[in-house]
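K.L.:
This structure is in structure tokens; I'll ask about it shortly.
Each reported figure results from applying straightforward, stated rules to the coordinates on display, with no laboratory input. Note that the structure is predicted; figures quoted are calculated from it, not measured. Positions of Cβ are backbone-derived with ideal geometry, glycine not excepted, and every protein chain shown enters the neighbour counts.
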Amino acid sequence: MMPAATVLADLHRAFRDELLRHGLLISLGVDGLYGRGGAFENVIERINAAISTIGDPDRPEVMRFPPGIGRWQLEKSGYTRKFPQLAGTVYSFFGSDREHRALIETLDKGGDITVGQQMTQVALTPAACYGVYPTVAARGRLSEDGALVDVYAYCFRNEPSIDPARMQMFRMREHVRVGTHEQTVAFRELWMRRGRALVESFNLTLEVVVANDPFFGRVGRLLAANQREENLKFELLIPITSKEEPTACVSFNDHRDLFGRAWSIETAAGEPAHSACVGFGVERIALALFKHHGFAPEDWPRDVRDVLGL
Ligand code: ATP
Ligand code: ZN
């Protein structure tokens, strides 16, 4: 049976309080927005190193992006159509001296900063792989080998929550494959095996299930049903605050030719390219480790510490 929403909320709050008390997360006064303490960050680094150990032998191209991408890239990728509720755009003050005076007056009266604000060219990165497609597209037609990229970025999603595993700013470590349908299918199968084995080596229980993206609204329900029917998204779930409602910690996505068409990426044969990505939610994996093995990494089981090099 599913735990009642209030029970779940209490569990989330209690876990978050413990994480804050141990200095693993640092409150910034906004749900879902945290600083990270040294011990937490060290575990994040060790998880990333473990992913590198698995992925590096394939010699992926490494790309690192800031937590922002061009707003035009967010728009062109289709994100703002499908997930307007999650997208974030950066605003700044574009006013004159007169508007500046009005702003100061508003602030003095306890108002907010909306006076003179306009949207900038910067959007917040919604998923680490969004910077990869325009970069690959700009190089022209793919070679027979396609592209394989190791990417890591802070991502933003407008989903404030007291669940410490649902952050507004978090990091995704991804491997991305762009090429033919056969290449992307083989890549996703390989990483589904690798992802499972990695999480098992952390002594965590997991299941892999068919999933869907959080598409907005009525149209979104159709997109989600279609995505599930065609097995385009799998998630690796680990129980964090609840066994009945485990948390998606890794996702394995087949985009078909969605980004290939959006960005006009062509395979060597001149077809619209397919793409697939595996995304590790490194904060969620770290939280699962702290939840199951305790708040002090030095007390974690020896085998888990060995895998992580702790
Ligand atoms: P969810 O279904 O929980 O909203 P998602 O399916 O939208 O997640 P993806 O877009 O597949 O997530 O993102 C890849 C990975 O990033 C997820 O498997 C998860 O581990 C992590 N992730 C996604 N959203 C968050 C978040 N709000 N806070 C922390 N990690 C997240
Ligand atoms: Zn991705």
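K.L.:
Collect residues whose amide H, placed 1.01 Å from N in the peptide plane, falls under 5 Å from the amide H of ILE26; neighbours closer than 5 in sequence don't count.
P.N.:
Here GLY35, ARG36, GLY37 satisfy the definition.
K.L.:
Please list, in chain and number order, the residues 5+ apart from SER161 or on another chain whose amide H is under 5 Å from its amide H, with Hs placed from the backbone.
P.N.:
Those qualifying (amide H under 5 Å, at least 5 residues apart or on another chain) are GLY32.
K.L.:
Here's another thing I want to ask about it. Let me know the shape class of the chain, please: from the alpha-carbon gyration tensor, a ≥ b ≥ c as square roots of the eigenvalues, rounded when a/c is under 1.5, otherwise prolate if a/b is greater than b/c, or oblate. The partial results should precede the final answer.
P.N.:
Values: a/c = 1.65, a/b = 1.05, b/c = 1.57.
Judged from the Cα gyration tensor, the chain comes out oblate (a/c at least 1.5, b/c at or above a/b).
K.L.:
Ok, one more. Write out the GluC sites (Glu not before Pro) in region 92-191 meeting two conditions: DSSP loop, and at most 11 other Cβ atoms within 10 Å of their Cβ.
P.N.:
On the way: sites: GLU99, GLU105, GLU144, GLU174, GLU182, GLU189; in loops: GLU144.
Here the GluC sites (Glu not before Pro) that fit, given the DSSP loop and packing criteria, are GLU144.
K.L.:
Here's something else I'd like to know. Would you work out the charge dipole size for the chain about its Cα centre, treating the Cβ of every Lys and Arg as +1 and the Cβ of every Asp and Glu as -1, and quote it to the nearest 20 debye?
P.N.:
400
K.L.:
Would you kindly state how much longer the chain becomes between ASP112 and SER201 on full extension, computed as 0.36 nm times their sequence separation minus their alpha carbon distance, in nm to one decimal?
P.N.:
Working: separation 89, 0.36 × 89 = 32.04 nm, distance 4.89 nm.
Gain on stretching ASP112 to SER201: 27.1 nm.
K.L.:
Let me ask something else about it. Would you tally the net charge around SER92, using a Cβ to Cβ cut-off of less than 15 Å, leaving SER92 out, and scoring K and R as +1, D and E as -1?
P.N.:
The answer is -1.
K.L.:
Please list, in order along region 5-18, the HN-Hα scalar couplings obtained from phi with the Karplus expression 6.51 cos²θ - 1.76 cosθ + 1.60 (θ = phi - 60°), rounded to whole Hz, x for Gly and Pro.
P.N.:
Per residue, the Karplus-derived 3J(HN,Hα) values read 4, 5, 5, 4, 4, 5, 5, 4, 5, 5, 5, 4, 4, 5 Hz.
K.L.:
Also: Pulled fully out, how much extra length does the chain show between SER242 and MET119, if you take 0.36 nm times their separation in residues and subtract their Cα-Cα distance?
P.N.:
Numbers: separation 123, 0.36 × 123 = 44.28 nm, distance 3.94 nm.
Length gained, SER242 through MET119: 40.3 nm.
K.L.:
For ARG193 and VAL90, what does the FRET efficiency come to when R0 = 41 Å and r is the distance between their Cβ atoms, rounded to the nearest 0.05? Mind showing how you got there, number by number?
P.N.:
Values: r = 39 Å, r/R0 = 0.95.
For R0 = 41 Å, the calculated efficiency reads 0.60.
K.L.:
Please list, or write none, the lysines whose alpha carbon is within less than 17 Å of the alpha carbon of LYS291, excluding same-chain residues fewer than 8 places away.
P.N.:
Hits, sequence-local ones excluded: LYS243.
K.L.:
Relative to the present Cα-Cα distance, how much length would full extension add between ARG141 and ALA186 at 0.36 nm per residue of separation?
P.N.:
Full extension of this stretch gives 14.1 nm more.
K.L.:
Using the Cα centre of region 1-55 as the reference point, and only Cβ charges (+1 on K/R, -1 on D/E), how large is the resulting charge dipole? Debye, rounded to the nearest 20. Don't skip to the end; give the middle numbers.
P.N.:
Values: 5 positive and 6 negative charges, 11 e Å.
It comes to approximately 60 debye.
K.L.:
Express in whole angstrom the spacing between the alpha-carbon centres of region 234-264 and region 194-233.
P.N.:
The distance from the Cα centre of region 234-264 to that of region 194-233 comes to 4 Å.
K.L.:
OK, next. For PHE216, put the label point 7 Å out on the Cα→Cβ axis and report which residues of region 67-96 keep their amide N under 20 Å from it.
P.N.:
Label zone hits: 68-92.
K.L.:
I'd like the Karplus ³J(HN,Hα) series for region 277-288: coefficients 6.51, -1.76, 1.60, θ = phi - 60°, whole numbers in Hz, and an x wherever there's a Gly or Pro.
P.N.:
9, 10, x, 8, x, 5, 5, 5, 5, 4, 5, 4
K.L.:
Continuing with the same structure: As a check on your grasp of the helix formula, calculate [θ] at 222 nm for the chain: sum -39500 (n - 2.57) over DSSP H runs of n ≥ 4, divide by the residue count, round to the nearest 500. Spell out each step's value before the answer.
P.N.:
Working: 11 runs with 121 residues, N = 310.
Helix contribution divided over all residues of the chain: -12000 deg cm²/dmol.
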